[in-house]
Amino acid sequence: MADRVDFAVLDVTVLRGIPALHVDPLGRLDGVYVCRAGHPLLRKRPLKATDMHAYPLVHSNVSTEHAYPMEDIDPGLTIDDATGSILQSIAVASCRLMYDMVEASDAISIARISQVEERIAQGRMAVLDLPWKARPPCAEFGIACKQERTLPPAARMFIGLIRKRMRAIAKKAVRAHHLASNG
C-alpha cells in the first residue's frame with residue numbers, strides 16, 4: 001500500500017474485500033507436512049496429534065484463516081495481539097530458512113511438495129503423514145496490486161510467467177492424482 005512494490009504473489013484469503021486492492025486468484029495449492037529424513041515421528045505408529053507436541057513447528061506467520069493445519073500439532077501456537085496473525089513455535093521470514101531448519105533439527109513444517117521435492121529426492125527431508133487430518137493444508141494464491149495502479153510492462157510480463165508456472169503446477173498435480181488413483 002506504500003507503493004514500494006508493483007504487485008505481490010501471496011495467499012490472498014485475507015485480502016478479499018479490501019476495496020483498495022485488486023486481487024486476481026491463481027488457484028489453490030495443497031501442501032504436505034514435512035520433517036527431516038530419519039525423524040522419530042516417521043517410525044511412530046499409530047501417529048497421534050499429541051505425538052507432535054514434542055516437536056516445534058517452524059513456519060512463516062499466517063492469518064487465523066490458516067490455523068487449521070497447525071492448531072492441533074503445535075502446542076506453542078499463539079495469536080499475535082498486534083496483527084492477529086498466528087505465531088508458530090518458530091516463526092521465520094523465508095521458506096528457505098524454514099526448510100533449512102527442518103533439515104537440521106527435529107522441527108516440522110508445511111510445504112508445497114514442489115518446494116521440497118528436491119530435498120526429498122536427495123534423502124534430506126520426508127513427507128510426514130498425519131492420518132487424523134481430513135484435508136491437506138492449503139493456500140489460495142493470487143496476485144494483489146493496488147486498484148488504481150497501472151502495472152509496468154515488465155510486471156505484466158512477470159505475472160504472465162507466474163500464471164504459466166501455476167498452470168504447469170496444476171497440470172502436474174492432476175497427473176500425479178490420476179496416477180495415484182489408477183495405480
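Figures for the structure shown
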{"read-out": "Complete set of residues in region 148-183 that are at positive phi and modelled with pLDDT of 85 or more", "value": "none"}
{"read-out": "Hits in region 115-131 (condition: surrounded by 10 or more Cβ atoms within 10 Å (Cβ to Cβ) and in a helix (DSSP H, G or I))", "value": "GLN115, VAL116, GLU117, GLU118, ARG119, ILE120"}
{"read-out": "Number of the condition not met by ARG175 [criteria: (1) assigned to a loop (DSSP other than H, G, I, E, B); (2) farther than 23 Å from VAL23 by Cα; (3) open to solvent by 90 Å² or more (accessible area, probe 1.4 Å)]", "value": "(1)"}
{"read-out": "Failed criterion for GLU71 (all others in (1) open to solvent by 40 Å² or more (accessible area, probe 1.4 Å); (2) modelled with pLDDT of 75 or more hold)", "value": "(2)"}
{"read-out": "Neighbours by Cβ (under 7 Å, 6+ apart or cross-chain): first from region 156-169, surrounded by 11 or more Cβ atoms within 10 Å (Cβ to Cβ); second among the polar types (S, T, N, Q)", "value": "ILE169/SER114"}
{"read-out": "Residues within region 9-52 that are at pLDDT below 80, outside any loop (DSSP other than H, G, I, E, B) and within 18 Å of GLU148 (Cβ to Cβ), tallied", "value": "1"}
{"read-out": "Options ASP30, ASP80, ASP106: the member that is surrounded by fewer than 16 Cβ atoms within 10 Å (Cβ to Cβ) and within 30 Å of LYS164 (Cβ to Cβ)", "value": "ASP30"}
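The values are calculated or read from the model by the stated rules, or taken from the named source; none is laboratory data. Since the model is a prediction, treat every value here as computed from it, not as a measurement. Don't worry about glycine lacking a Cβ; one is built from the backbone with ideal geometry, like all the others, and counts go over all protein chains shown. Note: accessible area is taken over every heavy atom of the protein model, side chains too, but ligands, DNA and RNA are not part of it. Shrake-Rupley method; radii C 1.70, N 1.55, O 1.52, S 1.80 Å.
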